[in-house]
Every structure is written in C-alpha cells, then in structure tokens.
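*Asks:* Below is the structure I would like to discuss, written out as structure tokens.
The values are calculated or read from the model by the stated rules, or taken from the named source; none is laboratory data. Quick caveat: nothing in here was measured; it's all calculated off a predicted structure. Don't worry about glycine lacking a Cβ; one is built from the backbone with ideal geometry, like all the others, and counts go over all protein chains shown.
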Amino acid sequence: MPSRAPRFAAATDQPVPRRPLPWGWWTLLAALVLALALQLMLADRARLATDPAWRPRLEMLCGMLGCTLPAWQEPEAFRVTSRDVRRHPQDERALLVSTSFRNDARWPQAWPVLEVALHDIDGQALGLRRFQPVEYLGSPPATELIAPGQSAMATLEILDPGRRAVAFTFEFH
C-alpha cells in the first residue's frame, strides 16, 4: 500500500493563490513612510534651514507643528553702505570708526559680529578686532533679529595703530 502524504504536503500543480493586502495596510505603510520622512526633516531642521530652497518649507511646517527654526545666518548678505575712519575728537591716541550696513538677505537674521581690520601699505593686517552687536550699537539691539532690508549704524573707538595703517576692511561673521 503506497503511503499517502498529508493533504497539506501533497504536491499540486496549481499555484497557491496569494491574497492581496487590503488597502488599509497600504495606507498605513504610506502614513508610516511619511511620518518617518517628517521626523527626519524635523530632526535635521537646523541644517536644512540654512538652505534657501528648504527654509520656506520648514517655516511652513514649523508654523503648523509649533517648532522653532534657528535664525537665518548669511554673513555674506550684509552690505556696507558707508564707512568712515577719522581721528577721535577727544582722544588723540584713538580713531573713530563709523559704518552703516544693511541686511540684504531674504530673511531676518541674527545681528552679526563685526570685524574691523587695519592694514599697512603691503596689505598686512596691523590690527584686527571683532565687535559684538552690543559693542558696535552702544546698547543691546532692540530686536533679536535684523530684518531684510534693515540698516544699522555702528560707531567704534579703536586705538590708532599709527601712520602705517593706510586701509581698513569690514567683515561680518
């Protein structure tokens, strides 16, 4: 008598029908993928917020979710609109440095650190100093951010490096 295999182990020529996943599973999978992408974007929002293409999207997303973005930082967008270096009227050992600058970025950004460097005729720096906003404005800024298109005036008193100083530069950090 031939041995019979159980029915579940019997070889059949017919393929086993596959049951499709119900639409609810596909919806759940899509929602999980979307939630993961959203979580990754929020976790990396500080870096993504520095990209002009991503910033508007993140501002909209954080507006809906109540999260915060770091202030825009684009030091290259600050433009010096006027500058002047002259002898200090009350101290002959000092110079009075005045400059005005404007934020040409598309977004408000944190007040910059202002770097002033004095150079000799060969372009070598004789002196360099970085000034915090409270130092060049004379008091803490009225607002945390400088708005797009907003201008500011800075007045600094620095020690006179002598006749060797023939040029000066401003940089923002």
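*Asks:* In segment 89-111, which residues are among the hydrophobic types (A, V, I, L, M, F, W, C), assigned to a strand (DSSP E or B) and under 14 Å from the mean Cα position of the chain (by Cα)?
*Replies:* Listed by number, the list holds a single entry, Ala110.
*Asks:* Does Thr99 satisfy being polar (S, T, N, Q), outside the structural domain of Glu144 (by TED's automatic domain parsing) and surrounded by 12 or more Cβ atoms within 10 Å (Cβ to Cβ)?
*Replies:* No, not satisfied.
*Asks:* What is the number of the single condition among (1) at pLDDT 85 or above; (2) outside the structural domain of Pro161 (by TED's automatic domain parsing) that Gln39 does not meet?
*Replies:* (1)
*Asks:* Filter segment 107-165 down to the residues that are among the acidic types (Asp, Glu), without any contact (Cβ under 8 Å) to a residue 60 or more places away in the chain and either in contact with a strand residue (DSSP E or B) (Cβ under 7 Å, 6 or more places away or on another chain) or at positive phi (or both) and list them by number.
*Replies:* Answer for segment 107-165, where residues must be among the acidic types (Asp, Glu), without any contact (Cβ under 8 Å) to a residue 60 or more places away in the chain and either in contact with a strand residue (DSSP E or B) (Cβ under 7 Å, 6 or more places away or on another chain) or at positive phi (or both): Glu115, Asp120.
*Asks:* Go through the residues of segment 118-133 one by one and say whether even a single one is outside any strand (DSSP E or B) and within 23 Å of the chain's Cα centre (by Cα).
*Replies:* Yes, that holds for at least one residue.
*Asks:* Another question, if that's okay. Using the structure shown, decide if Pro161 is in a loop (DSSP other than H, G, I, E, B), modelled with pLDDT of 95 or more and surrounded by 13 or more Cβ atoms within 10 Å (Cβ to Cβ).
*Replies:* No; evaluated as a whole, the condition is false for this residue.
*Asks:* Please state which one of Arg106, Arg93, Arg57 is within 26 Å of Phe170 (Cα to Cα), modelled with pLDDT of 80 or more and surrounded by 11 or more Cβ atoms within 10 Å (Cβ to Cβ).
*Replies:* Just one listed residue meets the conditions, Arg106.
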